[in-house]
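Novice: What follows is a single structure, and I will ask about it in a moment.
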Amino acid sequence: MEKIKISLPIIVEGRYDKSALSGFLDATVITTGGFSIFNNKEQQALLRRVAKNGVIVLTDSDGGGKQIRKFLSGILHADKIHNVYIPKVAGKESRKRKPSKSGTLGVEGMEKEIILRLLAPFTDDQKPQNNSKTITKVDFFEDKLTGHPNSSDLRQALCRECDLPDDMTPNALLEAMNLLYGYDEYKRLVSKLFE
């Protein structure tokens, strides 16, 4: 099987995530070593260097993944980070005896097709289409996704509709919508919330 080429480096949490992606991606995949990244100055320096022209951050959708993603956003240039979020899927990785604390699959346990769909905007043969208007915070407000009494519920519903973690922050969801869908598809998805 021919591997899918992605030029941007991809940061994942651990070696099993890297191994899973390396099976079908032709890409530079770097691990944080889990929480050890917090104190590993050498690895932090390597990630800064690798990310200087842009990097994809692909961590688990559990609490640990969120902590690592937040830490990376503090040590790397925010404008160079492309955050990609896996959906919350209940289950356990085949190599583990018990499910994780969150009871959800991590990057290593995701189906290949899901990962490829999430990374499609970055593949060398399918660059993002920039002919679409950018979704803004104003759009989120006008569509009641922020600043309204039930905004949190609406964002959760939108996340579920899009197979994204349902506890994403408004900023993270905005980035994901621009990355994965574009303006027209976003408006179509939002309109479904009010049907």
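Novice: Across segment 62-82, what is the number of residues that are outside any helix (DSSP H, G or I) and in contact with a Ser or Thr (Cβ under 8 Å, 6 or more places away or on another chain)?
Specialist: Of the residues in segment 62-82, 2 are outside any helix (DSSP H, G or I) and in contact with a Ser or Thr (Cβ under 8 Å, 6 or more places away or on another chain).
Novice: Residues to consider are 88, 112, 92, 66; find the one that is among the charged types (D, E, K, R), in contact with a Pro (Cβ under 9 Å, 6 or more places away or on another chain) and touching a residue at least 40 places away in the same chain (Cβ under 8 Å).
Specialist: Answer to the check: 88.
Novice: While we're here: Please enumerate the residues belonging to segment 9-42 that are more than 15 Å from residue 108 (Cβ to Cβ) and either of a type in the set (Asp, Glu) or open to solvent by 40 Å² or more (accessible area, probe 1.4 Å) (or both).
Specialist: Residues satisfying the conditions are 26, 28, 35, 36, 38, 39, 40, 41, 42.
For every residue, the table says whether it meets (1) touching a strand residue (DSSP E or B) at 6+ places or on another chain (Cβ under 7 Å); (2) at pLDDT 95 or above; (3) closer than 21 Å to residue 179 by Cα.
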residue	(1), (2), (3)
11	yes, yes, yes
22	yes, no, no
27	yes, no, yes
34	no, no, no
54	yes, no, yes
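Novice: Let me confirm something: among 52, 92, which residue is of a type in the set (D, E, K, R) and part of a loop (DSSP other than H, G, I, E, B)? Talk me through it step by step, then tell me what you get.
Specialist: Details: 52 fails: part of a loop (DSSP other than H, G, I, E, B).
Checking each option against the conditions leaves just 92.
Novice: What are the residues in segment 8-39 that are over 16 Å from residue 64 (Cβ atoms) and over 17 Å from the mean Cα position of the chain (by Cα), if any?
Specialist: Within segment 8-39, 19, 22, 23, 24, 26 qualify.
Novice: Out of 139, 153, 184, 163, I need the residue that is open to solvent by 30 Å² or more (accessible area, probe 1.4 Å), in contact (Cβ under 8 Å) with a residue 12 or more places away in the chain and assigned to a helix (DSSP H, G or I). Which one?
Specialist: Values: 139 fails: open to solvent by 30 Å² or more (accessible area, probe 1.4 Å); 153 fails: in contact (Cβ under 8 Å) with a residue 12 or more places away in the chain; 163 fails: assigned to a helix (DSSP H, G or I).
Answer to the selection: 184.
Novice: Here's a follow-up. Go through segment 22-45 and report how many residues are touching a helix residue (DSSP H, G or I) at 6+ places or on another chain (Cβ under 7 Å) and in contact (Cβ under 8 Å) with a residue 60 or more places away in the chain.
Specialist: So the count comes out to 1.
Novice: Hey, among the residues in segment 67-83 that are within 13 Å of the chain's Cα centre (by Cα) and of a type in the set (D, E, K, R), which one's surrounded by the fewest Cβ atoms within 10 Å (Cβ to Cβ)?
Specialist: Taking the candidates together, the pick is 70.
The values are calculated or read from the model by the stated rules, or taken from the named source; none is laboratory data. All values reported here derive from a predicted model rather than from experimental measurement. Quick reminder, even Gly has a Cβ in these numbers, built from the backbone with ideal geometry, and neighbours come from all protein chains shown. Only protein heavy atoms, including side chains, enter the accessible area calculation; ligands, DNA and RNA are left aside. Shrake-Rupley method; radii C 1.70, N 1.55, O 1.52, S 1.80 Å.
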